Amino acid sequence: MISLLPKIPGYYLMKTLGFPRLMPMNYTVSLLYTCNSRCSTCNIWKKTARNLTVDEYRKIFHKIGRAPYWITFSGGEPFLRQDIVEVAKVIYRESRPRIINIPSNGLLVKTIVDKTEQIVKACPRSQIIINLSIDGIDEQHDQIRNVPGNYKKVISTFQKLKALPYKNLSVGIHTVISKYNVETFPSIANILMQFHPDSYITEIAEERVELGTMGTDITPSILSYKSAIDYLIHRIKNDRFSGMNKITMAFRIEYYNLVKRILRDKKQVIPCYSGIASAQISPEGDIWACCIKAKPLGNLRQHKYNFRQIWFSPEAELERRSIHQKECWCPLANASYTNMLMDLPTLFRVFYRSFIKWWS
């Protein structure tokens, strides 16, 4: 993470002045829309796409080079891609990301464990993070995900992944807080944290173009969300962490407080660096500044897989200006963590909590 600090002034200048022209450090690579869950908070499984191939990813990331620090393989369900190991290998070979994050619903127990082990071995210099989605306990989770037996399978996946003996593998649990579970969230979090995941993270359910949830009533009220997340903040503040986990948990606290302010004020609370420091690649090769609006800046197949050509195009610049002028706002977690890295007051609070206040 320290290696990112010298890049902050450059991204700040690109946002405010338009130069220097820098490539993003945070890439979300949506591998497919196909999913074997039918979540009440997501309709992505209804979409179809002609997915990019392994060779196409090789061409894309060969031209991107070593810019990526953090890559997230999203979906749909990423492990439904039979060639996910090959995709990870070619991107690792071309770009050497420090972190590869893969969220999963945990249904394909043996497939997920086997392919995770292959990815961990193939990418030894990357920290591989598998975040398993659990939105409730037992039947509540199955009802939200609309898959009978989901909870038992994801817990089995978690336990088998935790048993793998690799230092560059972290296994976390991820909960989407929605109107379907916000009232029971404290008990959900309490039980899930007893499994001792390497990280426990939450995200608020949102209306996204990518997920096909625009106009749906899935986001909890600010009062109910505040009550739920304040419990988690209290738990984090009263637990003890070591090493990088102290910094990670300090950022979690900042994010949860940030979401409360965004929902209250309905505006960008800190500057957004989507379209500058973070980007998303759709399954068919469209480049988006973020997945909330999912506005195509250009298609990689139509530009000979040249990410830079699209990233520094007039269309991309117009989108950056719109974001810079705060014409949009959202609490998207992936972008928010990048934004917090670029915000000096946030970094100061993280440093203070991690190295001074937490153990005082």
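The values are calculated or read from the model by the stated rules, or taken from the named source; none is laboratory data. Not measured: the values here are computed from a predicted model. Glycine also receives a Cβ, built like all others from the backbone with ideal geometry; neighbour counts cover every protein chain displayed. To get the accessible areas, we keep the full protein, side chains included, count just its heavy atoms, and leave off ligands, DNA and RNA. Shrake-Rupley method; radii C 1.70, N 1.55, O 1.52, S 1.80 Å.
Restricting attention to the range 251-294, which residues are of a type outside the set (A, V, I, L, M, F, W, C), in a loop (DSSP other than H, G, I, E, B) and buried (at least 19 other Cβ atoms within 10 Å of the Cβ)?
Result: Y273, G275, S282, P283, G285.
Answer with yes or no whether V147 is modelled with pLDDT of 95 or more and crowded, with 19+ Cβ neighbours inside 10 Å.
no
How many of the residues making up the range 230-245 are open to solvent by 30 Å² or more (accessible area, probe 1.4 Å), in a helix (DSSP H, G or I) and of a type outside the set (S, T, Y)?
Residues that pass the stated criteria total 7.
Filter the range 77-108 down to the residues that are open to solvent by 30 Å² or more (accessible area, probe 1.4 Å) and charged (D, E, K, R) and list them by number.
Those that are open to solvent by 30 Å² or more (accessible area, probe 1.4 Å) and charged (D, E, K, R): D83, E86, K89, R93, E94, R96, R98.
Within the range 3-39, work out how many residues are in a helix (DSSP H, G or I), of a type in the set (S, T, N, Q) and open to solvent by less than 20 Å² (accessible area, probe 1.4 Å).
Number of matching residues: 0.
Restricting the search to the range 173-212, which residues are out of contact with any Leu (no Cβ under 6 Å at 6 or more places or on another chain), hydrophobic (A, V, I, L, M, F, W, C) and surrounded by 17 or more Cβ atoms within 10 Å (Cβ to Cβ)?
Selection gives V176, I177, V182, F185, I188, L192, I201, I204, A205, L211.
Which of the residues belonging to the range 59-76 are touching an Asp or Glu at 6+ places or on another chain (Cβ under 7 Å) and either buried (at least 18 other Cβ atoms within 10 Å of the Cβ) or of a type in the set (F, W, Y) (or both)?
Within the range 59-76, F61 is the sole residue that qualifies.
Looking only at the range 306-360, count how many residues are surrounded by fewer than 18 Cβ atoms within 10 Å (Cβ to Cβ) and β-branched (V, I, T).
1
Name the helices (runs of 4 or more DSSP H) wholly inside the range 43-123 in which the number of residues that are more than 19 Å from the chain's Cα centre (by Cα) and basic (K, R) is 3 or more.
So the answer is 54-64, 109-122.
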